[in-house]
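The values are calculated or read from the model by the stated rules, or taken from the named source; none is laboratory data. Model, not experiment: these values are computed from the prediction. Cβ placement follows ideal geometry from the backbone for every residue including glycine, while neighbour counts extend to all protein chains displayed. Accessible surface is based on the protein model in full, side chains and every heavy atom, while ligands, DNA and RNA are left aside. Shrake-Rupley method; radii C 1.70, N 1.55, O 1.52, S 1.80 Å.
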Amino acid sequence: MSAGPAPAPPLPVVVDCDPGVDDAIALLLALASPELRVRGVTAVAGNVGLPEAVRNAGHVLDLAGVPADLPLVAGLAGPIARTARVADEPMHGAGGLGGLRPAVPPRAPAPGHAVDFLARQALADPGELTLLAIGPLSNVAALLVRHPDAAAALRGVVVMGGAARAQGNITPAAEYNFHADPEAARLVLESDLAVRVVGLDVTRAALFPLEAAERLAALPGTAGAAGALLRGFVLRYRARYGTPAVPVHDALAVAALTHPHLLGWERGWATVECAGEFTRGALVTDLRTPERARRTDVALTVDAAAFTALLTERLAGYAG
Ligand code: BDR
Ligand code: CA
């Protein structure tokens, strides 16, 4: 009997994040995805300041039971061309992790700067490494500027950010990650990198329901902790928007890498508005004019039920 084709080797990734509840869930999902090999985690200011982003990422890695030698590296403490301003977004709760404060202090970050770490990782395996960028794009833009040779060695970048056709969430025009560092987002989208954009068009169409969070919260161990994080996230979202289900933005970006067929993609030209009084941080796309096409793929549709099932199943795996 034929053994059939060998499964594809796991894709090496570095997760660049600003945890944030949905970043925490995204990290747990990435670490539980056999399709990926997480080579490290880099932190950037966004939902919380840089020290808190590093601390929260450390807590999540501890929660996931990841060996202490997986690099966690701190990056930029603010946008590349503006004054740093931490989000006053109440959606992530106290401290950025919905009030989760483990008694044990988190692992310490590795020495050095995230941007140099990213460069070393990219150059170690040219054409192989994917960045999963789920916070403001400050670190990724700094990589392009400081280490263009390393940026050119990336396989690609999956970005959670922007709203191509949907309304924004931080202003009517802009999504939070692009608004937080619009110059960085513009540099990334206008670069030669192969960029996949997972924005509010799809994250708002793939809401994770309260019942699924409750079921996870009832499980033991880290699965239960993930469920509790999601339950708090849904409840805060419901209090604000009246919907008993929440977009787990950053986790959908992970699924977009491991299960790209769950999303409907269009390729074209994309940039980010940096100057507009009402439109700063807005994603601007032209997905109709082939002669302007660059290598930006924008997700416009999603199989919401399949995403909920995938996220639930993988987080439930942490119950042991
Ligand atoms: C993005 O903004 C942050 O608050 C979330 O973590 C996510 O990355 C959604 O707009
Ligand atoms: Ca985030």
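Observations on the model:
- Of everything in the range 216-272 that is assigned to a loop (DSSP other than H, G, I, E, B) and within 16 Å of ligand 1 (Cβ to nearest atom), the residue that is modelled with the highest pLDDT is Val248.
- Scanning the range 53-71 for residues that are touching a residue at least 60 places away in the same chain (Cβ under 8 Å), part of a loop (DSSP other than H, G, I, E, B) and within 25 Å of Val115 (Cβ to Cβ) yields a count of 1.
- Close pairs from the range 114-136: first at positive phi, partner at pLDDT 95 or above, Cβ under 9 Å, at least 6 apart: Gly127/Ala153; Gly127/Leu154; Gly127/Arg155
- Contacts under 7 angstrom Cβ, first residue in the range 16-37 being among the polar types (S, T, N, Q), partner buried (at least 24 other Cβ atoms within 10 Å of the Cβ), 6 or more apart: Ser33/Val254
- Hits in the range 68-105 - residues which are over 20 Å from the mean Cα position of the chain (by Cα) and open to solvent by less than 40 Å² (accessible area, probe 1.4 Å): Gly99
Residue by residue, here is whether (1) crowded, with 24+ Cβ neighbours inside 10 Å; (2) within 12 Å of ligand 1 (Cβ to nearest atom); (3) at pLDDT 95 or above holds:
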residue: Ala133; (1), (2), (3): yes, yes, yes
residue: Ala141; (1), (2), (3): yes, no, yes
residue: Val145; (1), (2), (3): no, no, yes
residue: Gly162; (1), (2), (3): yes, yes, yes
residue: Ala174; (1), (2), (3): yes, yes, yes
residue: Ala194; (1), (2), (3): no, no, yes
residue: Thr203; (1), (2), (3): yes, yes, yes
residue: Pro209; (1), (2), (3): no, no, yes
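- If you go through the range 225-250 and keep only what is more than 18 Å from the chain's Cα centre (by Cα) and not aliphatic (A, V, I, L, M), you end up with Gly227, Arg231, Gly232, Arg236, Tyr237, Arg238, Arg240, Tyr241, Gly242, Thr243, Pro244.
- Screening Ala299 against (1) buried (at least 20 other Cβ atoms within 10 Å of the Cβ); (2) not in a strand (DSSP E or B) leaves a single unmet condition, (2).
- Restricting Arg295, Arg267 to those that are touching a strand residue (DSSP E or B) at 6+ places or on another chain (Cβ under 9 Å) and in contact (Cβ under 8 Å) with a residue 60 or more places away in the chain reduces the list to Arg295.
- Test: residue in the range 184-191 that is in a loop (DSSP other than H, G, I, E, B) and either away from ligand 1 (no atom under 12 Å from the Cβ) or open to solvent by less than 10 Å² (accessible area, probe 1.4 Å) (or both): yes
- Number of residues in the range 181-237 that are within 15 Å of ligand 2 (Cβ to nearest atom) and among the acidic types (Asp, Glu) equals 1.
- Cβ-Cβ under 7 Å pairs, at least 6 apart or on other chains, the range 72-97 side at pLDDT 95 or above, far side more than 11 Å from ligand 1 (Cβ to nearest atom) and aromatic (Phe, Trp, Tyr): Val73/Phe117
One line per residue, one yes/no per condition, for (1) closer than 27 Å to Ala57 by Cα; (2) charged (D, E, K, R); (3) open to solvent by 60 Å² or more (accessible area, probe 1.4 Å):
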residue	(1), (2), (3)
Arg231	yes, yes, yes
Val234	yes, no, no
Arg240	yes, yes, yes
Val246	yes, no, no
His261	no, no, yes
Gly268	no, no, no
Glu291	no, yes, yes
Arg295	no, yes, yes
Asp303	no, yes, yes
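- Whichever residue in the range 110-125 is in contact with a Leu (Cβ under 9 Å, 6 or more places away or on another chain) and closer than 21 Å to Thr258 by Cα and, among such residues, is nearest to ligand 2 (Cβ to nearest atom): Leu118
To keep it simple, each residue is scored yes or no on (1) away from ligand 2 (no atom under 16 Å from the Cβ); (2) under 17 Å from Val73 (Cα atoms); (3) buried (at least 16 other Cβ atoms within 10 Å of the Cβ).
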| position | (1), (2), (3) |
| --- | --- |
| Ala6 | yes, no, no |
| Val15 | no, yes, yes |
| Val21 | no, no, yes |
| Leu36 | yes, no, yes |
| Arg39 | yes, yes, yes |
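- Filter pass, Leu129 being under 30 Å from Arg280 (Cβ atoms), open to solvent by less than 20 Å² (accessible area, probe 1.4 Å) and modelled with pLDDT of 95 or more: no
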